[in-house]
2 protein chains.
Amino acid sequence: MIIDIYNHFMPKQYFDRLGDLIPGHVAVTAFPRLRTLIDLDARLKLLDRFGDYAQVLSLANPPLETIAGPEQTAELARIANDGLAEICRRHPARFPAFIASMPMNNVPACLVEIDRAIATLGARGIQIFTNVNGTPLSAPQFRPIFQKMRAHDLPIWIHPIRAPNFPDYTSESASEAEIWFSFGWPYETTAAVTRLIYSGIYDELPASRSSRTIWAA
Amino acid sequence: MIIDIYNHFMPKQYFDRLGDLIPGHVAVTAFPRLRTLIDLDARLKLLDRFGDYAQVLSLANPPLETIAGPEQTAELARIANDGLAEICRRHPARFPAFIASMPMNNVPACLVEIDRAIATLGARGIQIFTNVNGTPLSAPQFRPIFQKMRAHDLPIWIHPIRAPNFPDYTSESASEAEIWFSFGWPYETTAAVTRLIYSGIYDELPASRSSRTIWAA
């Protein structure tokens, strides 16, 4: 059996809410053209072509903290995580586990949601992004999140994020030719992990024998 | 024989001038610790250890346009190019050729210096940097430089350049942990060549059979 540990899906309840909050966003206007991202039947039909194969699910971008303020993202995370958990419960052979989304602009809410997603919903890790509205993951305010995941001994998936408004030249105000994505995303991952390393986190929170706490892809 | 086509050296006349113009700059305070970068005897002694080996020389950074205004860089380029040409004349076995530096904040002066450096001094190409004070090489004002090099059918070396003041996160004002250099320089090269490709330059100025006009390293 092949278990593919990094796959995105948008549960219907979450996707509908996204349409209310950011109706013109590319995640609402363009992503749905990929039916298998938002239509569970289409996804299951696709997977049937691959035989003995299972997927660990996580939400697609945008990061929750780019969609709503800190008083709203905790609810968004609950909707997303409840939705992914339900899909896993109904189709355990295809979706043996999911990775929980986090309201990163509200760290206390993250700590509550980590416990709830793992203990109540069965999440097997969390997904966060390479920057939190422009702030590095190595910033001290995010340390409690890493500490809690280390206590749970479960991994963190780090997903690259950058938008075209991050210019590649100081004389410009936006990136051109999709460089922000094609090369900017791998750069984001590299910068995020470099900053985490130099922040001392791997010494502070060494991996257990059974897991490696921080993943990046 | 091995001919190494990308090596930096600072001729004495040029290095002395740099000391007048930017006395506190790292190129003046720290680079000279590497004796072989500014001391010709030390460089020749170093090369003796490598047997049948020759180097094509070019100036080390900083780019001229970051040192002085457009009325001064043409003279700086002449000093640098005259200095490298003289070293090549005196030691043709070790230094069979050099690549000319350009006053990129003064395009008309570049066009004059290209002709002079190639016809009078024997330069076998030019070195430019991945951005000109923050402006991409694909900007229309630099096209005449590429056109002239294509007419000479000689290559352009593109050197990465970025300083710590280019932040990796939008919430910050500077890069940390030397990311601007270790990962930012390769990113610069990638972005510069991507922008050149999308600007159509490789269709406008196709390589001749004998050379490939644009190099990047």
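Just give me the residues in the range A:192-208 being within 19 Å of A:Trp157 (Cβ to Cβ), over 21 Å from the mean Cα position of the chain (by Cα) and within 10 Å of chain B (Cβ to nearest Cβ), in sequence order. The one that is within 19 Å of A:Trp157 (Cβ to Cβ), over 21 Å from the mean Cα position of the chain (by Cα) and within 10 Å of chain B (Cβ to nearest Cβ): A:Ser199.
The residues of the range B:79-105 that are among the aromatic types (Phe, Trp, Tyr) and farther than 16 Å from B:Trp157 by Cα amount to a single one, B:Phe95. For the range B:1-46, residues that are surrounded by 12 or more Cβ atoms within 10 Å (Cβ to Cβ), assigned to a loop (DSSP other than H, G, I, E, B) and without any contact (Cβ under 8 Å) to a residue 12 or more places away in the chain total 2. If the condition is being of a type in the set (Gly, Ala, Ser) and surrounded by 20 or more Cβ atoms within 10 Å (Cβ to Cβ), then the range B:135-172 contributes only B:Ser138.
To keep it simple, each residue is scored yes or no on (1) of a type in the set (Phe, Trp, Tyr); (2) within 14 Å of another protein chain (Cβ to nearest Cβ).
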| position | (1), (2) |
| --- | --- |
| B:Met104 | no, yes |
| B:Leu111 | no, no |
| B:Asp115 | no, no |
| B:Gln127 | no, no |
| B:Leu137 | no, yes |
| B:Gln141 | no, yes |
| B:Lys148 | no, no |
| B:Trp157 | yes, no |
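Collect the residues in the range B:165-202 that are part of a loop (DSSP other than H, G, I, E, B) and in contact (Cβ under 8 Å) with a residue 24 or more places away in the chain, keeping them in residue-number order.
As a first pass, look at the range B:165-202 and keep what is part of a loop (DSSP other than H, G, I, E, B): B:165-178, B:183, B:199-200.
The answer is B:Ser199, and nothing else.
Residues checked against (1) closer than 22 Å to B:Leu57 by Cβ; (2) in contact with a helix residue (DSSP H, G or I) (Cβ under 8 Å, 6 or more places away or on another chain); (3) β-branched (Val, Ile, Thr):
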{"position": "B:Asp82", "(1), (2), (3)": "yes, yes, no"}
{"position": "B:Ser101", "(1), (2), (3)": "yes, yes, no"}
{"position": "B:Val107", "(1), (2), (3)": "no, yes, yes"}
{"position": "B:Pro140", "(1), (2), (3)": "no, no, no"}
{"position": "B:Met149", "(1), (2), (3)": "yes, yes, no"}
{"position": "B:Ile161", "(1), (2), (3)": "yes, yes, yes"}
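When the range B:159-188 is limited to residues that are among the β-branched types (Val, Ile, Thr) and closer than 22 Å to B:Val26 by Cα, the one that is nearest to the other protein chains (Cβ to nearest Cβ) turns out to be B:Ile179.
Suppose the filter is in contact with a strand residue (DSSP E or B) (Cβ under 9 Å, 6 or more places away or on another chain), over 24 Å from B:Glu86 (Cβ atoms) and at pLDDT below 95; does B:Ala192 pass it? Full working, then the answer.
Working: in contact with a strand residue (DSSP E or B) (Cβ under 9 Å, 6 or more places away or on another chain): yes; over 24 Å from B:Glu86 (Cβ atoms): yes; at pLDDT below 95: no.
Answer is no for this residue.
The values are calculated or read from the model by the stated rules, or taken from the named source; none is laboratory data. Every value quoted in this text rests on a predicted model; they were computed, and no experiment measured them. Because the Cβ atoms are built from the backbone with ideal geometry, glycine has one as well, and the counts that use them run over all protein chains shown.
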